[in-house]
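Following: one structure in structure tokens, then a few remarks.
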Amino acid sequence: MNDPRVADLLEFVRIPSVSAQSVHAVDMERCADWLVSKLKQIGLNAHKESTSGNSIVIGKTQRNASKKTVLIYGHYDVQPPEPLELWTTPPFDPQIRDGRIYGRGASDNKGQILAHILGVGEALAEGPLPVNVIFLIEGEEEVGSGHLAEFLEKHRADLACDAIAISDTGMAADGHPTLSYALRGIAAMEVRVFGPSHDLHSGIYGGAVANPATAAARLIASLHDAQGRVAIEGFYDDVQPMQHWEREAAAESPLSDEAIAAQAGVTELWGEAGYSSVERIGARPTAEINGIGGGYQGEGTKTVLPAEAFFKVTFRLVANQNPDAILKMARCHFEKHKPPGVQLDMVDGHGGEPFFLDPKGAQGMAACRALEAVFGKKPALTREGGSIPILADFQKILGHPALLLALASPDCRAHSPDESFPVENFLTGIRLNKALLKELAL
């Protein structure tokens, strides 16, 4: 494929900008420099801003006070590529196969943010833009955006805008336009369960000393009732029921149970009673065990009663739920259900507030018009199951909820080996950017 736009994306993906691994610190700066050069090349004023972590790249059109300003956010950092042996081709040697670009970051988020950059570039080549544009592209999204809120506060005046657009979400179905109007928040916790001072002989002490691994299993089992509801007291107190139009939108979603099962590689779906799978994914809060360990893990049998065990849990939250409040409830729950003979050490992890945008508002309708104009069909309105914690920071500090216009295909395998981005989605994203800017100018 000789399209120079695709060549740009391949070059972008070749840079191993892995924010979680310090060995790639130089690559992070190289990637930021590449973006500055690209933004300047399309005609923007661009530079890097230093933070206590990785640089933030800023690009701006010449400001016209008579026009609205649209801020476009993205990130240039990517997830670690491991396990490398599961990639068909090397993660940072992007290849095109069957109309898709394979490489780490192709979909999350390099392909999506570059589509917006090139869209602005093409629009500028055609004449003056209908709006002012600010690009804010950070290098720490995959590690929690730890310095972004501070940056937004410090540069609030320079980043003042009338709308915020982000493409960092997934389509409801392949090729189906999608506006994500809500994302779940997150609250993470690690629970360590301690028993005896050292591993014990399970024959000599078993039945007389509490087993931390068994206690961990009982605590995990206490998290849900038989109907799949989270059993923590007060967990649902602030959850608002879905509105009628939301349930209609979920029912009309092109994302089917069969597609969800196929993507997950399972034969049967299960979850909270009374809700469809689409509703469970985006509109209902959950508690998920992300890891568990304790005792002997090697080959064969070792008859020990382990001294300790652990599990990691994350709570995905919906609008009005507060991460800190949920973690406090979880602590009380685990203490209440702690079996005798063990002690708990609970450590809070990262958190982020849920996000909600009224898709029936003026900006939501503008985004829907742009999506329909480019894709030729009405967009699906979805509540996304994942979390982008910085959305709350944008809304609190800059005063606007973000428009989440998905370009990633459902089977993009973001964060997994063989991540990919359809070339057609990339080129469509360029057209979508131009349509969106026109609609937001109205």
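The values are calculated or read from the model by the stated rules, or taken from the named source; none is laboratory data. Treat the numbers as computed from the prediction; the structure is a model and nothing was measured. No Cβ is skipped: glycine too gets one built from the backbone with ideal geometry, and neighbour counts run over all protein chains shown.
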Exercise. From the list 441, 414, 402, pick out the single residue that is crowded, with 18+ Cβ neighbours inside 10 Å and at pLDDT 95 or above.
Key: 402
Practice problem: May I ask you to verify whether residue 388 is under 20 Å from residue 358 (Cβ atoms) and at pLDDT below 95? | Solution: yes
Quiz item: Of all residues in the range 124-162, which are of a type in the set (A, V, I, L, M, F, W, C) and farther than 21 Å from residue 76 by Cα?
Solution: 124, 125, 129, 131, 157, 160, 161
Practice problem: Taking the options 414, 373, name whichever one is aliphatic (A, V, I, L, M), assigned by TED's automatic domain parsing to the domain that holds residue 14 and either touching a Phe, Trp or Tyr at 6+ places or on another chain (Cβ under 8 Å) or outside any helix (DSSP H, G or I) (or both). | Solution: 414
Exercise. Tell me, please, whether a residue that is part of a loop (DSSP other than H, G, I, E, B) and either touching a residue at least 24 places away in the same chain (Cβ under 8 Å) or acidic (Asp, Glu) (or both) can be found in the range 105-115.
Key: yes
Quiz item: residue 47 passes all but one of (1) part of a strand (DSSP E or B); (2) buried (at least 16 other Cβ atoms within 10 Å of the Cβ); which number fails?
Solution: (2)
Quiz item: Of the residues that sit in the range 134-150 and are in a helix (DSSP H, G or I) and crowded, with 22+ Cβ neighbours inside 10 Å, which one is modelled with the lowest pLDDT?
Solution: 141
Quiz item: Where in the range 152-238 are the strands (runs of 3 or more DSSP E), entirely inside, with at least 1 residues that are of a type in the set (Lys, Arg), at pLDDT 95 or above and touching a strand residue (DSSP E or B) at 6+ places or on another chain (Cβ under 6 Å)?
Solution: 185-194
Quiz item: Taking the condition hydrophobic (A, V, I, L, M, F, W, C) and touching a Leu at 6+ places or on another chain (Cβ under 7 Å), does residue 44 pass?
Solution: no
Practice problem: Hey, can you tell me all the residues within the range 2-52 that are among the aromatic types (Phe, Trp, Tyr) and more than 19 Å from residue 81 (Cα to Cα)? | Solution: 34
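Can you work out which of the residues in the range 9-26 that are of a type in the set (Ser, Thr, Tyr) and in contact with an Asp or Glu (Cβ under 6 Å, 6 or more places away or on another chain) is farthest from residue 110 (Cα to Cα)? Spell out how you get there, then give the answer.
Pass one, the range 9-26, residues of a type in the set (Ser, Thr, Tyr): 17, 19, 22.
Imposing the further condition that a residue be in contact with an Asp or Glu (Cβ under 6 Å, 6 or more places away or on another chain) reduces the set to 17, 19.
On the way: 17: 10, 19: 14 Å.
Among them, the one singled out is 19.
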Quiz item: Name the residues in the range 361-404 that are touching a His at 6+ places or on another chain (Cβ under 9 Å) and not aliphatic (A, V, I, L, M), would you?
Solution: 363, 375, 377, 379, 389, 394
Quiz item: Mind checking whether some residue in the range 315-332 is of a type in the set (Gly, Ala, Ser), in a loop (DSSP other than H, G, I, E, B) and modelled with pLDDT of 95 or more?
Solution: no
